[in-house]
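Asker: Would you mind keeping the following structure in view while I ask a few things?
The numbers here are math on the coordinates, done by the rules we state, and not lab data. On a predicted model such as this, the values are computed, not experimentally measured, just so you know. In this analysis, Cβ positions are derived from the backbone assuming ideal geometry, glycine residues included, and neighbour counts consider all displayed protein chains.
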Amino acid sequence: MPKTRLPVTRRTFIAGASATALTGVAPIRRSFAQGAALKVGVIHPSSGFLAQIGQACNRGAQAALPVLKDMGYANIEIMLGDTESNPDVARAAGERLINAGAQLLVGAFDSGQTSTLAQVAEQRGIPLVINIAAAPPITEQGYKFVFRNFPRAPGIVAGTFEVQKQLFAASGRSPSKCVVLHVNDTFGTAMRGAFGGIYPRMNMPYQIVDYISYDPQARDLSVEVAKAKATGAEILLAVSRLNDAMLLTREMVKQRWEPWGIVAAGPGYYEGAYMKTLGKNGNFVISTVPWYDPRKPLAQRMIEAHQKMFPGQVVDTNTVFTFEAMLVAADAYKRAGSANPQALAAAIRATDIKDNAALSDGIKFDAKGQNDTVRIAGIQNFDGDAKVVFPLSSAERNFVFPVPGWQARR
């Protein structure tokens with residue numbers, strides 16, 4: 001199967017990139033009964049400061065197509081939309097794809113961008129399947145066309161604390177101090193609020209000595225890292241994006257700050273670009289995130305398809321939850337027997353997928369359009385690979401903690 005290059009230009013979308021088109025066969029345009037394709041608008045930040053993450057999500061959507069076809073689902077035509085890492089552009093991208101014929105939307109990774117996209121979907125009556133976005137308010141608006149197969153910030157935070165408890169128990173090492181460094185965008189602010197609300201009842205062995213916020217587009221984090229280092233915390237709990245995660249790590253090396261470990265509650269550190277750019281200094285970060293379950297057969301099929309289409313690109317949270325969003329869309333289309341938005345929304349609301357790829361109890365939405373069965377895994381970086389280390393029942397290899405110092409890694 002040929003390697004597909006994703007667009008990264010401003011305000012770009014591609015209509016009609018169907019499963020058949022990816023295999024070099026002309027798109028089929030017939031009635032549903034004859035196998036007509038469902039047109040799905042896949043909207044992510046494929047340019048701007050979140051571009052690499054958005055492109056990874058797009059790869060997950062495209063890798064889903066051959067797997068879904070093999071599973072007997074109808075063809076899907078992908079229409080790619082670029083938010084340019086901007087919430088206002090996300091709204092415009094959604095409007096544009098709907099006007100171009102999109103019958104269902106998938107996106108948009110960033111909580112702020114997803115919030116504006118959800119407003120468009122609800123106003124236009126087009127179903128939106130959220131692949132990644134954790135801010136709680138998105139599914140608290142009473143929307144009828146918005147569905148999220150991803151945990152909210154409080155769920156990620158509670159899971160982060162649980163993974164740490166497993167880590168401390170298994171290693172026999174419990175820190176006394178923790179410092180939190182977090183981005184000040186919609187996601188980071190939601191996570192900060194969740195930390196403050198959940199930490200007091202989690203009975204953690206450490207004290208959170210400070211919360212330090214910063215702009216995810218910052219060019220210099222020397223002051224923030226120096227402040228965090230001065231706390232004497234053994235654990236850094238980070239809520240980052242990609243570029244700032246790399247900047248933060250480089251500043252830690254520069255200032256020779258060597259805590260027992262970095263625990264990242266969210267994206268950035270497990271990204272292929274992070275590990276490739278940082279090399280040995282990118283090793284041993286533990287990300288506490290929703291992930292794929294390596295034991296599940298569908299996860300293995302997803303990985304195989306992704307590696308075939310995009311050799312050298314990592315499979316991660318971006319991959320699996322975009323893959324599952326496409327699965328939700330295909331499954332609903334099959335059961336609805338129609339691309340009518342009301343029928344699709346009703347079918348999504350009745351989703352009950354047990355054979356999925358993520359570390360969860362399947363895909364099923366509550367009255368608010370939220371799937372609350374997704375669990376949090378502990379993922380550790382090892383020389384360019386992010387591997388499951390917790391829960392131990394799903395572990396792919398042993399964890400390393402406390403981690404070696406910067407010089408020892410070389």
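Asker: May I ask for the Kirkwood hydrodynamic radius of the range 99-166, worked out over all distinct Cα pairs and given in angstroms to one decimal?
Answerer: 12.7 Å
Asker: Still on this model: If we count every other residue with Cβ under 13 angstrom of Asn281's Cβ, Lys/Arg +1 and Asp/Glu -1, where does the sum land? Show your work: numbers first, answer last.
Answerer: Details: positive: Arg250, Lys254, Arg256, Lys276, Lys280, Arg409, Arg410; negative: Glu251, Glu258, Asp383.
With Lys, Arg at +1 and Asp, Glu at -1, the neighbours total +4.
Asker: Dipole of the chain, Cα-centred, from +1 at each Lys and Arg C-beta and -1 at each Asp and Glu C-beta, to the nearest 20 debye?
Answerer: It comes to approximately 480 debye.
Asker: Quote the Stokes-Einstein diffusion coefficient, in whole µm² s⁻¹, for the range 42-172, based on the Kirkwood radius over alpha carbon pairs, a temperature of 25 °C and a viscosity of 0.890 mPa s.
Answerer: On the way: Rh = 15.7 Å.
D = 156 µm²/s.
Asker: Now a separate question. Given the Cα-Cα distance of Asp366 and Ser174 and 0.36 nm per residue of separation, how much length would full extension add, in nm?
Answerer: Full extension from Asp366 to Ser174 adds 65.4 nm.
Asker: What's log10 of I(q)/I(0) for the range 292-341 at q = 0.28 Å⁻¹, Debye sum over Cα points only, no solvent?
Answerer: Values, matching the q order: -1.04.
Asker: So what's the projected area for the range 160-228, the Cα convex hull averaged over all directions, in nm²?
Answerer: 5.2 nm²
Asker: Calculate the translational D of the range 291-410 in whole µm² s⁻¹ from Stokes-Einstein, where the hydrodynamic radius comes from the Kirkwood formula applied to all Cα pairs, the temperature is 20 °C and the viscosity 1.002 mPa s.
Answerer: Rounded, D is 132 µm²/s.
Asker: For Lys229, list the lysines whose Cα falls under 19 Å from its own Cα; do not include residues on the same chain fewer than 8 positions away.
Answerer: Lys177, Lys254
Asker: With the cut-off at 13 Å, report for the range 322-391 the share of all Cα pairs above it, as a whole percent.
Answerer: 69 percent
Asker: How big is the range 201-311 on each of its three principal axes, counting only the C-alpha atoms and giving the largest first in Å?
Answerer: 47, 36, 24
Asker: Once the other residues with Cβ under 13 Å from the Cβ of Gly272 are scored (Lys, Arg +1; Asp, Glu -1), what is the net sum?
Answerer: On the way: positive: Arg59, Lys276; negative: Glu271, Asp316, Asp383, Asp385.
Taking every Cβ under 13 Å from that of Gly272, the sum is -2.
Asker: Which distance in nm do the two modelled labels at Ser222 and Asp385 give, with both placed 7 Å along the Cα-to-Cβ direction?
Answerer: Once both label points are built, they end up 3.8 nm from each other.
Asker: Local charge sum around Pro341 (other residues, Cβ-Cβ under 14 Å, Lys/Arg +1, Asp/Glu -1)?
Answerer: +3
Asker: I've got another one for you. So if I take the alpha carbon set of the range 121-199, get Rg, then get Rh from the Kirkwood formula, what is the Rg over Rh ratio? Walk me through the intermediate numbers first.
Answerer: On the way: Rg = 16.2 Å, Rh = 14.6 Å.
Over the Cα atoms of the range 121-199, Rg/Rh equals 1.11.
Asker: I've got another one for you. Fewest first, what order do Glu251, Glu271, Glu304 take by the number of other Cβ atoms within 10 Å?
Answerer: Values: Glu251 19, Glu271 25, Glu304 14.
The order, fewest Cβ neighbours first, is Glu304, Glu251, Glu271.
Asker: Give the residue from Ala336, Gly312, Ile353 lying farthest towards the positive end of the charge dipole for the range 298-374; charges sit on Cβ (+1 for Lys and Arg, -1 for Asp and Glu) and the dipole is referred to the Cα centre.
Answerer: Ala336
Asker: By how many degrees, 0 to 90 and rounded to 10, does the Cα axis of helix 297-309 deviate from the longest principal axis of the chain?
Answerer: On a 0 to 90 degree scale, this one is about 80.
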